[in-house]
Amino acid sequence: MTVHVRFTRDENINYYNNEETDIDLEEYVRGVVGSEIGNSSVTACEALAIAARTNAIGYNCGKLSDVNPQAFRASRLSNTYSNAKQGTENTKGLVLYYDNKVAYPASYSSNNGGRTRSSKERWGSYRSWLIEQDDPWDNASKITGHRVGLSQMGCKNMASAGKSYKEILAFYY
């Protein structure tokens, strides 16, 4: 499967020699994982790869860009980001479902300061899988992001504590 991506970042335009093109979905996911969560543990990268793939499939109406709905960097396709590559490969084709439908959006942000927000509270539209709850895995003192869905900091902490990508995703979605 391919996705159509419009590039705004010079590094991506230079890498693909174009301002927009079709790229393989897994290549896109790998570039998102590397950009969003870096070279975190393989388990954390697996969880984020599934969320990123879910978003790409749900959002891909010819409107994907390298900054919306998620960050993509071609430079993160390098072998320097081997965990991002492995996490993407380990979960190839996996997406989140809720009530037999793709759970789009599978929102995530840098951190949530110890509590996720619901999609209703943040954006005014209710999504059953994007709930408000305490998050003991995220201990950020400065909140960065919208706080809905998966916390990248919490994801990393859960992975460090030995939780599987399935446990991480079940907690946040």
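Mind checking which of Tyr98, Gly114, Asn79 is farthest towards the positive end of region 75-147's charge dipole, using Cβ charges of +1 (Lys, Arg) and -1 (Asp, Glu) about the Cα centre?
Asn79
Starting from the 7 Å offset along Cα-to-Cβ, what nm value, one decimal, do you get for the label separation of Lys142 and Asn68?
Output for this residue pair reads 2.7 nm.
Put Arg6, Arg147, Arg53 in order of accessible area, largest first, 1.4 Å probe: what do you get?
Descending accessible area places them as Arg6, Arg147, Arg53.
Could you calculate the FRET efficiency of Arg115 with Glu19 from 1/(1 + (r/R0)^6), where r is the beta carbon distance between them and R0 is 45 Å, rounded to 0.05? Don't jump to the answer; show the numbers that get you there.
Working: r = 39 Å, r/R0 = 0.88.
It comes to 0.70.
Toward the positive end of the charge dipole of the chain, about the Cα centre and with charges on Cβ (Lys, Arg +1; Asp, Glu -1), which of Met153, Ile131, Ile23 goes farthest?
Ile131
Expressed as a whole number of Å, what is the distance separating the alpha-carbon centroids of region 104-120 and region 4-43?
If we compute the Cα centre of each part, the gap is 22 Å.
Looking at the chain, I'd like the Rg to Rh ratio, where Rg is from alpha-carbon atoms and Rh is Kirkwood's inverse mean 1/r.
On the way: Rg = 15.2 Å, Rh = 15.9 Å.
Using Cα coordinates only, the ratio equals 0.95.
Just the number, please: carbon plus sulfur as a percent of the accessible area of the chain, 1.4 Å probe, no ligands or DNA/RNA counted.
43 percent
With the other protein chains left in place, how much accessible area per residue, in square angstrom, belongs to the chain at a 1.4 angstrom probe?
Spelled out: the 1.4 Å probe surface of the chain, per residue, equals 48 Å².
What helices does the chain have that are whole DSSP H segments, at least 15 Å long along their own axis by Cα, and with mean Kyte-Doolittle hydropathy of 0.0 or more?
25-37, 42-59
From the P(r) of region 12-57, can you give the percent of Cα pairs sitting at distances over 15 Å? Each step should come with its number before you reach the end.
Details: 469 of 1035 pairs.
In whole percent, the long-distance tail amounts to 45.
Shape of region 123-173 from its Cα gyration tensor (a ≥ b ≥ c, root eigenvalues): rounded if a/c is under 1.5, otherwise prolate when a/b > b/c, or oblate?
oblate
Indicate, rounded to the nearest 5 percent, the antiparallel portion of the DSSP beta bridges found entirely in the chain. Show your work: numbers first, answer last.
Working: 9 of 14 bridges.
Restricted to the chain, the bridges split so that about 65 percent are antiparallel.
Go ahead and estimate [θ] at 222 nm for the chain from helices alone: -39,500 (n - 2.57) per DSSP H run with n ≥ 4, summed, over the residue count, rounded to 500.
Computed ellipticity for the chain at 222 nm equals -11500 deg cm²/dmol.
Past 28 Å, Cα to Cα: identify those pairs from Lys63/Lys142; Lys101/Lys166; Lys85/Lys156; Lys85/Lys120; Lys92/Lys156; Lys92/Lys142, in the order given.
Correct reply: Lys63/Lys142; Lys85/Lys120; Lys92/Lys142.
Run the dipole for the chain about the Cα centre, Lys and Arg Cβ at +1, Asp and Glu Cβ at -1, nothing else charged, and hand back the magnitude in debye, nearest 20.
With only Lys, Arg, Asp and Glu charged at Cβ, the dipole is about 380 debye.
Highest first, please rank the peptides 103-113, 30-40 by the mean number of other Cβ atoms sitting within 10 Å of their residues.
My ranking of the peptides, most packed first, is 30-40, 103-113.
Among Asp138, Asp24, what's the order by accessible area (1.4 angstrom probe), most exposed first? Working shown, then result.
Values: Asp138 5, Asp24 70 Å².
Greatest to least solvent exposure: Asp24, Asp138.
The values are calculated or read from the model by the stated rules, or taken from the named source; none is laboratory data. Note that the structure is a prediction, hence the values are computed from the model and not measured. Positions of Cβ are generated from backbone atoms using ideal geometry, with glycine treated the same way; all protein chains shown enter the neighbour counts. Keep in mind that these areas ignore ligands, DNA and RNA; they rest on the heavy atoms of the full protein, side chains included. Shrake-Rupley method; radii C 1.70, N 1.55, O 1.52, S 1.80 Å.
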